[in-house]
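The values are calculated or read from the model by the stated rules, or taken from the named source; none is laboratory data. Only a predicted model underlies this, so the values are computations on that prediction, with no experimental measurement involved. Glycine gets a Cβ as well: all are built from the backbone with ideal geometry, and neighbour counts include every protein chain shown. What goes into the accessible areas is simple: the full protein's heavy atoms, side chains included, and nothing from ligands, DNA or RNA. Shrake-Rupley method; radii C 1.70, N 1.55, O 1.52, S 1.80 Å.
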Amino acid sequence: MPQSEDHLHFEVHPSVVYQLGESLISDAVQAIIELVKNCYDADATYAKVVIDTQGAVAVSESDFDSNAGRILVEDDGHGMTEDAVTQGWLLISNRAKRDLKEAKKTTPGGRTPLGDKGLGRLGVQRLGDGLDVLTKTSKTSPLHFAFSWLDFATAPSLRDVKVSMKSCTFPRKHGTTVVVSNLREPALWRGQDSINRLTQDLSRMISPYKAIRDFVVYVEVDGKPLELLEVSEKVRDIAPIRYNIRFDGSCIQYRGRARLDFFRPDSEKEAEEFALIAESDHGDEFFKYLSGRREADQFHLKRTSSKKWYVEFNLERNFGDLDALETDPVDASRVANPGAFVGEVDSFDLGLSAFRAQGVFDALNEYRMHVKQLSGIRVYRDGFAIRVDQDWLKLGAGWTSARSYYGLKPDNTLGYIALSARDNMVLEETTDREGFKDTPYYRNFFALLQGFKSFATGLHTFFGRAWVDFKKARTEQLARVDTRKDVQELSRTIRTTVDGAGDQQASVEKIAHRIEIGVNKSVAVLGRLAEAERITPVMQKQARETLGLLESLVTDAKRIMDSVAHYLEELRNLRGIGQVLEDRVGSIRRQVDDMYEAVALGLTAEAIVHEVFQITDGLTGRTKRLIARSEEKVDAKAVRNYLEYVHSSTAALRRQVSFLSPALRYVREQREEFTLPDFLKELADFYYDRLAHNKIVLSIVPRSNEAFGVRMNRGKLTQVLGNFILNSEYWLREDIRQGRIDKGQITIELERPFLRVSDSGRGIDPSVETMLFEPFVTTKARGIGRGLGLFIVKQLLDADDCHVGILPQRNRSRRLYAFQIDLRGVLHE
């Protein structure tokens with residue numbers, strides 16, 4: 001006879017609790033942090049973590065032996081009453097803390113609890129099998145309750161899990177001590193490497209910034225205290241630039257200050273020049289130049305009154321004015337507001353000159369290691385870290401392949417974003433504590449910080465180029481060059497000045513000849529005067545004439561020497577004009593590089609347009625046929641087939657556009673790390689349908705088991721290989737059309753550090769094989785090929801210190817046929 005429906009109900013097997021603990025907390029360090037958070041929620045001023053892997057710490061009240069080690073977590077919080085134990089610790093997923101937060105209330109100590117799900121304590125079973133909790137409030141007697149996590153695996157129901165509770169002795173007026181016995185992984189805490197790793201992990205999980213931490217954590221392993229890393233003010237003061245971020249719920253502010261050191265170039269020679277030009281007057285002339293740039297207004301640049309800093313800058317925006325903000329999931333009329341928060345970011349210079357200027361670290365490696373260990377912009381809620389990726393703001397993704405990248409870099413950037421349980425309750429963490437839930441609130445929070453990233457990148461770019469541009473402007477000023485003159489006019493100035501050398505030489509030769517004549521006459525007159533017994537009137541006249549000649553020569557010589565001196569000064573000025581020309585040619589070269597990339601983008605787009613036209617033509621034809629049939633009778637099957645075709649066509653269009661997007665200007669300068677086998681597989685998948693339609697197969701052939709990766713722009717490599725593939729496709733189609741071959745094959749061989757591209761066609765026409773990488777060289781029919789593809793490929797690779805060439809081997813047609821790309825310039829270990 002079935003039971004009455006009134007008596008039917010669900011039961012939870014105790015093993016579920018065990019499984020929850022396994023899945024909710026990712027590792028042992030996170031489990032310790034959850035216990036420390038409970039200390040914070042209990043209004044403790046400190047938490048002490050003692051890890052004993054030797055069984056040396058005695059706990060007389062414990063129900064479990066210490067042979068396999070223990071972990072103790074003690075605090076001086078408010079402790080627990082018996083009701084708090086039964087309704088808190090022993091009631092899984094109790095919402096008491098969450099209810100307190102939602103009601104905007106705080107603990108007696110004025111804190112907003114960090115916990116809210118009542119599940120964090122389940123992760124303690126990751127640490128060990130036995131659990132004792134000793135606790136006391138200021139008004140009640142101490143309590144001791146204990147249980148074994150192993151019982152959850154064998155007990156038939158939760159009620160059958162044995163929990164003992166009794167009175168005990170307690171050494172403090174109030175607080176709690178959690179004792180975990182029979183450690184599951186004692187080796188995890190042993191050895192210097194493990195201790196170093198634990199120190200680093202805990203330093204990341206507990207804020208190293210005292211400004212956002214009102215709670216102290218002590219850690220001891222086998223009797224030795226751990227020194228958790230801290231970012232002291234002395235260390236922060238080494239950073240030449242500092243940012244402050246403040247969001248009050250309605251306005252976002254990005255503020256910052258930079259020292260004059262920030263602008264100092266790395267090379268010793270240029271640093272000396274910087275000291276003479278910029279530092280000698282405390283940066284006054286340099287600031288005049290900076291403040292005259294249009295970017296100065298954009299960043300509200302001004303001199304700071306602080307002696308420690310040189311300039312300050314800021315940007316403010318109303319939250320409601322930001323683009324693409326998401327709305328509240330409950331009330332679509334409101335924007336999803338993540339709540340008020342603050343942050344600070346320091347950008348360090350890890351170079352030798354910056355190290356020499358500081359006085360905190362004794363060795364360069366020590367300085368660099370300390371910064372690297374704490375690098376990253378971390379997120380803390382009331383002093384405890386929320387686990388996010390090391391580079392969750394994607395600073396590394398913005399690190400471009402351009403010759404000079406000035407933005408924030410992940411390895412030398414330290415900072416924090418300080419959240420609170422009170423103000424940022426809507427920014428929820430995932431259940432396993434491994435980051436944020438992806439919600440509109442989080443996405444708007446992330447958008448605010450992306451705004452900071454854009455602000456910092458723009459400012460660093462402005463500042464990074466400022467010294468070089470200032471030096472160029474000063475060079476032009478000293479060279480008395482009109483900044484409006486172009487390269488051709490400067491070249492004419494040099495040519496005209498140098499052409500004047502002939503006139504100067506003629507003048508000097510003429511006066512030299514006259515001086516020679518005058519000297520000869522003077523010698524003759526002096527000879528006659530010396531031999532004569534008396535000076536006759538004739539001799540006097542000759543002497544006066546000779547003296548007049550010499551005076552005339554001296555006057556003319558002085559005039560010519562002044563002219564030569566002036567000409568030499570003009571020649572000295574040419575040195576400055578030459579530097580100006582060099583700078584401007586450098587700018588032109590960078591513009592030409594941009595032009596090459598733009599042309600490459602155009603060639604790629606041109607190839608894709610052909611595919612897009614085929615897709616749209618197919619859609620148009622199907623649409624017309626469906627309209628014609630619908631005038632007679634609505635055919636559900638025909639409509640369904642049409643919709644499926646539209647779906648596949650839009651997917652194909654999306655695929656074509658996604659292939660093009662990495663080459664767009666806003667993307668193409670960004671470098672990323674990727675492995676070539678995966679990249680080539682994606683490339684082969686993209687071209688599969690197009691090539692198969694033309695009876696061509698693209699094969700990827702690794703020549704060794706050693707896969708290798710590169711750090712470069714993905715779109716650039718896509719353009720390079722796409723050019724080779726499309727060239728091969730054209731000539732293979734011609735060979736198939738003319739019956740030379742039945743089908744074609746394109747092969748990309750992979751052998752570190754090379755890629756080799758070849759096909760099964762006739763090969764390269766001998767008439768162009770020696771000049772294949774020159775512009776406008778092609779044997780394709782007029783109107784089809786421009787002869788720019790391989791030339792652009794070479795320029796793109798040269799910009800990354802990579803190279804391309806033709807292998808000397810010849811195919812059965814006795815033609816060159818294989819290209820080799822040398823990627824040593826972008827290899828990533």
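Remarks
- Once the Cα gyration tensor of the stretch 261-397 is diagonalised, semi-axes √(5λ) in Å: 36, 25, 12
- Taking all protein chains as they are arranged and a probe of 1.4 Å, the heavy atoms of Arg246 leave approximately 130 Å² accessible to solvent.
- Mean Cβ neighbour count within 10 Å, used as a protection proxy, ranking 453-463, 187-197 highest first: 453-463, 187-197
- Debye log10 I(q)/I(0) at q = 0.15, 0.24 Å⁻¹ for the stretch 423-475, Cα point scatterers: -0.59, -0.90
- Scaled radius of gyration (Cα, divided by 2.2 N^0.38 Å) that the stretch 254-298 gives: 1.26
- Per residue Cα convex hull volume in Å³ - calculated over the stretch 277-340: 123
- Segment Leu325-Lys780, length gained on full extension (0.36 nm per residue, minus Cα span): 158.7 nm
- The length gained on full extension between Glu366 and Lys173, counted as 0.36 nm times the residue separation minus their Cα-Cα distance, comes to 65.1 nm.
- Oblate is the label for the stretch 206-284, because a/c, from the alpha-carbon gyration tensor with a ≥ b ≥ c as root eigenvalues, is 1.5 or above and a/b does not exceed b/c.
- The calculated FRET efficiency for the pair Asp99 and Arg740, based on their C-beta separation and a Förster distance of 56 Å, comes to about 0.10.
- Cut-off 12 Å, label 7 Å out along Cα→Cβ of Asp689, residues of the stretch 731-745 by amide N: none
- Efficiency of FRET from Cβ geometry, Gln820 and Ser232, R₀ 56 Å, rounded to 0.05: 0.60
- With R₀ fixed at 22 Å, the C-beta to C-beta distance from Gln54 to Val216 puts the FRET efficiency at about 0.30.
- Using a cut-off of 20 Å between Cα atoms, the listed pairs Lys48/Lys437; Lys48/Lys162; Lys136/Lys166; Lys234/Lys308; Lys269/Lys472 include Lys48/Lys437; Lys48/Lys162 as exceeding that distance.
- Per-residue extension of 0.36 nm, minus the Cα-Cα distance of Ser26 and Gln542, leaves a gain of 174.4 nm for this segment.
- Principal axis box of the stretch 115-191, alpha-carbon based, largest edge first, Å: 40, 36, 27
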